[in-house]
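Here the structure comes first, spelled out in structure tokens, and everything after it is commentary.
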Amino acid sequence: MAALGIAPTAHAARPASLVLLGDSYASGTGAGAYQDGTAGNCWRSNNSYGEQVAARLRAQGRLRSLTNVTCSGAATADLSRPFKDRPAQLDSLRRDTDVVLLSIGTNDIDYADYGGTCIQADCAGAPTEAILAKLPAMGRNVSALLTEIRKRSPYARVILVGYGRQVSTSDNPPGATLDPVCGDGILTAAERREGNKVADGLDATLRSTAAHKGVVFASPFAYPDRFDGHALCEAGTPYLRGFDALAPGQEGPEAVFHPNQQGQAALATLVRV
């Protein structure tokens, strides 16, 4: 089961202490219902996959405590130091923590900036090769982070949740109503192929790192029945924010290419504790 990215039931005999760590995918940037004081900075959403897992445990009478310290923009190094005027995320871990959920790594490789290049210019070729070259170092950073998590919470089940695919691998489907980010000249077919090369490399690096460190990796790629057709520029209901995030009153550029409420709900189905 763990090899498929789903954790077998853990600590079923008693309620679990759950800690949520990580970046914008973990915090739920783009998913709305932001917790007090986090809109505009950490963007911590009550619709995030971690909060949904916590709600599921709570409904089952299996949640002892929840600590959510996720924050948009965090790289691996930011989890061990104050970030955006908040304490270090790792300081929330305890020796008796039962479950740790996290998404981390994209800010180590400047994935958001790369996405901006794809939209505003041309990310095919050299920009793609540059970001792919950063993946080995990212893997080492995540590995060191997982070691530190294990040191602080030696008995915890650690589940690393992946990022999946953000855009279609092909041209727009005919007749589908799509986000403006899919418009002519914004994301070319070549850029979509290159962008998915990065998404594949990111997933493979995180998968390998998780396996080496003995933690569960929950990847959207492992469950095509749940995610295929729901990336941006595909015919199904999109699971990600596009240019709709740039409308007045919305989150802005930080939420583009991030899971919406439905996307976070799909990620939550990957995690069983």
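Observations on the model:
- Test for Asp78: is it surrounded by 14 or more Cβ atoms within 10 Å (Cβ to Cβ), within 17 Å of Arg157 (Cβ to Cβ), acidic (Asp, Glu) and modelled with pLDDT of 95 or more: no
- Asp96 vs. criteria within 20 Å of Pro154 (Cα to Cα), acidic (Asp, Glu) and either part of a loop (DSSP other than H, G, I, E, B) or touching a His at 6+ places or on another chain (Cβ under 7 Å) (or both): yes
- Condition met for Ala204 (closer than 28 Å to Arg226 by Cβ, hydrophobic (A, V, I, L, M, F, W, C), assigned to a helix (DSSP H, G or I) and modelled with pLDDT of 95 or more): yes
- Of all residues in the stretch 156-186 being surrounded by fewer than 13 Cβ atoms within 10 Å (Cβ to Cβ) and in contact (Cβ under 8 Å) with a residue 24 or more places away in the chain, the one that is nearest to Leu20 (Cα to Cα): Pro180
- In summary, Gly249 fulfils each of the numbered conditions (1) part of a loop (DSSP other than H, G, I, E, B); (2) over 16 Å from Asn196 (Cα atoms); (3) touching a residue at least 24 places away in the same chain (Cβ under 8 Å) with the single exception of condition (3).
- Unique residue being surrounded by fewer than 18 Cβ atoms within 10 Å (Cβ to Cβ), of a type in the set (A, V, I, L, M) and under 30 Å from Pro154 (Cβ atoms) when the list is Ala204, Ala265, Ala235, Ala189: Ala204
One line per residue, one yes/no per condition, for (1) at pLDDT 95 or above; (2) closer than 27 Å to Ser143 by Cβ; (3) not in a helix (DSSP H, G or I):
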{"residue": "Leu178", "(1), (2), (3)": "yes, no, yes"}
{"residue": "Val198", "(1), (2), (3)": "yes, yes, no"}
{"residue": "Phe217", "(1), (2), (3)": "yes, yes, yes"}
{"residue": "Arg226", "(1), (2), (3)": "yes, no, no"}
{"residue": "Asp244", "(1), (2), (3)": "yes, no, no"}
{"residue": "Gln262", "(1), (2), (3)": "yes, no, no"}
{"residue": "Leu267", "(1), (2), (3)": "yes, yes, no"}
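The values are calculated or read from the model by the stated rules, or taken from the named source; none is laboratory data. Quick caveat, the model's predicted, so the values are computed rather than measured. As a convention, Cβ positions derive from the backbone with ideal geometry for all residues, glycine included, and neighbour counts pool all protein chains shown.
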